[in-house]
Amino acid sequence: MTAVRVRPAGPLVGTVKVSGATKNSGLKQLAAALLASGVTHVRNLPRVRDLDVMLDVLRAVGATVEWTAEDALILDTSGPLQPEAPYELVRQMRASINVLGPLVARCGEARVALPGGDNIGSRRLDMHFRGLEAMGAELTVEHGFVHARCNALCGARIVLEFPSVGATENLLTAAVLAKGETVIENAAREPEITDLTAFLNRMGAHVLGAGTSTITIEGVDELVAADTEIMGDRIEAGTFLMACGIAGGEVELVGVRLEHLEMVGVKLGDMGMRVSPTPDGIWAQATEPLRAVDIATLPYPGFATDFMPMAVAVLAGSIGTGIVTENVFDNRLAFVEELARMGADIRHEGRHAVVRGRPRLSGAPVRAFDVRAGAALALAGMKADGETIVHDWHHVDRGYPDLVGALSSLGADIERV
């Protein structure tokens, strides 16, 4: 168990390299590598706690892993696979469910424990299951495990009720080895889907339409192992931008594209920040206190739900009143009670919160309930009088390789305790 201490320290200044998107992109590509027998070299994969869990899952099903550098590894899936992902691993992280599609496609069956992860609301797997059943798989859920069987998956037209990232990823990775054509309608459009699709196509898949709401997959008989380099983490980049908005200053982010978090740039611009693309990343400046705006989370290209907790922290110290609506997860606003301990004026009910900005917050001991909530509390502490201690920081370590070190390099007074 770890904690982080934050004190106000003035404006942020400097340049920071954005990490690879291990949590939202790298884990999914590691699971997809199970589709082919061979060796995959993965680069720009910084170590976060969730990566350790996924590597243990991959080892459990028969893959071997060897680190070659600080953020690069070799994944060998040449040997026979044991298509079962155990409960003690899968319960720790929701992304573990991403092995379901690849294992069914390659092995003809899979037995995967129902996943755990952040307690941010209900995230049912109905769309995953219905899509696999449409391709011919037989699924049962017994004793906390999903058991899927199929002699040969067949192409199908699948319409998702909601553009779910996880369902799109699982069905996409199953369909690449299905016989015939699969069309996924109302598919997720996130950049991480495009990154995964590029990896699959390098493996020999035939996938068109990634980044749009209709993805078409022409199944192939076999895939081959291919190398991959993970995209920059747009959620980490948005965290740095909002930190600049709270503390003020001027920062430059390297290794990420503004178009991947364009709505964050738009909202921060409406609040009074200057945000623009550079050849290598993003430049941002905040010279005055920010003005409140209303925010509603939506699937990409809307305002991502992962950005919402940090946005609430920005609004808590802004001028005016903003209304936040969470349209993706039904329990994601639970963390605002911790911000209230710091003096934030927030009233929330269900999926809605009214945030009345205050010039200063008050440092206090608080708890991180999940990855992004913990980051938001640390950011709020940068504009809170006195000292803020964020407990249960291990949640934040699940998604950020070194948020404390990165913020400290920009001038924030933040340290592990």
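When we screen Ala31, Ala21, Ala3 for residues that are over 28 Å from Ala378 (Cα atoms) and either polar (S, T, N, Q) or surrounded by 16 or more Cβ atoms within 10 Å (Cβ to Cβ) (or both), the only hit is Ala31.
Scanning the range 225-280 for residues that are hydroxyl-bearing (Ser, Thr, Tyr) and buried (at least 18 other Cβ atoms within 10 Å of the Cβ), which turns out farthest from Ala380 (Cα to Cα)?
Of all residues in the range 225-280, those hydroxyl-bearing (Ser, Thr, Tyr) come to 228, 239, 276, 278.
From the residues that got through so far, the ones that are buried (at least 18 other Cβ atoms within 10 Å of the Cβ) too are 228, 239.
On the way: Thr228: 36, Thr239: 12 Å.
Looking at the filtered set, the residue picked out is Thr228.
Can you name every residue in the range 142-154 that is within 13 Å of Tyr87 (Cβ to Cβ) and in contact with a helix residue (DSSP H, G or I) (Cβ under 9 Å, 6 or more places away or on another chain)? The answer is Gly144, Phe145, Val146. With respect to the stated conditions, Ala95 fails to be assigned by TED's automatic domain parsing to the domain that holds Ala113 and in contact with a strand residue (DSSP E or B) (Cβ under 8 Å, 6 or more places away or on another chain). If the condition is being part of a loop (DSSP other than H, G, I, E, B) and within 14 Å of Val293 (Cα to Cα), then the range 329-357 contributes only Gly357.
Here the strands (runs of 3 or more DSSP E) wholly within the range 1-99 that include at least 3 residues being out of contact with any Asp or Glu (no Cβ under 6 Å at 6 or more places or on another chain) and farther than 22 Å from His394 by Cβ are 12-17, 64-69, 72-76. Scanning the range 376-389 for residues that are over 14 Å from Arg416 (Cβ atoms), in a helix (DSSP H, G or I) and out of contact with any Asp or Glu (no Cβ under 8 Å at 6 or more places or on another chain) gives Ala376, Leu379, Ala380. Listed by first and then second residue, the pairs with beta-carbon distance under 7 Å, at least 6 apart or on different chains, first residue in the range 49-67 and closer than 12 Å to Thr22 by Cα, second of a type in the set (Lys, Arg), are Arg49/Arg398; Asp50/Lys23; Asp50/Arg398.
Residue-level check: of (1) free of Cβ contacts under 8 Å to residues at least 12 places away in the same chain; (2) under 19 Å from Leu298 (Cβ atoms), Asn201 misses just (2).
Under the condition of being at pLDDT 95 or above and more than 25 Å from Gly10 (Cβ to Cβ), which residue from the range 338-351 is surrounded by the fewest Cβ atoms within 10 Å (Cβ to Cβ)?
Within the range 338-351, the subset at pLDDT 95 or above is 338-347.
Of the ones still in play, those that are also more than 25 Å from Gly10 (Cβ to Cβ) are 340, 346-347.
Details: Ala340: 16, Ile346: 17, Arg347: 11.
So, considering only residues that are at pLDDT 95 or above and more than 25 Å from Gly10 (Cβ to Cβ), the one surrounded by the fewest Cβ atoms within 10 Å (Cβ to Cβ) is Arg347.
For (1) outside the structural domain of Gly108 (by TED's automatic domain parsing); (2) touching a residue at least 60 places away in the same chain (Cβ under 8 Å); (3) of a type in the set (D, E, K, R); (4) in contact with a strand residue (DSSP E or B) (Cβ under 7 Å, 6 or more places away or on another chain), each residue gets a yes or a no:
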| position | (1), (2), (3), (4) |
| --- | --- |
| Gly219 | no, yes, no, yes |
| Val224 | no, yes, no, no |
| Ala237 | yes, yes, no, yes |
| Cys244 | yes, yes, no, yes |
| Gly249 | yes, yes, no, yes |
| Leu253 | yes, yes, no, yes |
| Leu258 | yes, no, no, yes |
| Met263 | yes, no, no, yes |
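Quick one: is His348 over 24 Å from the mean Cα position of the chain (by Cα), in contact (Cβ under 8 Å) with a residue 12 or more places away in the chain and closer than 30 Å to Asn186 by Cβ? Yes, satisfied.
The values are calculated or read from the model by the stated rules, or taken from the named source; none is laboratory data. Being a predicted model, the structure only gives us computed values, none of them experimental. Glycine also receives a Cβ, built like all others from the backbone with ideal geometry; neighbour counts cover every protein chain displayed.
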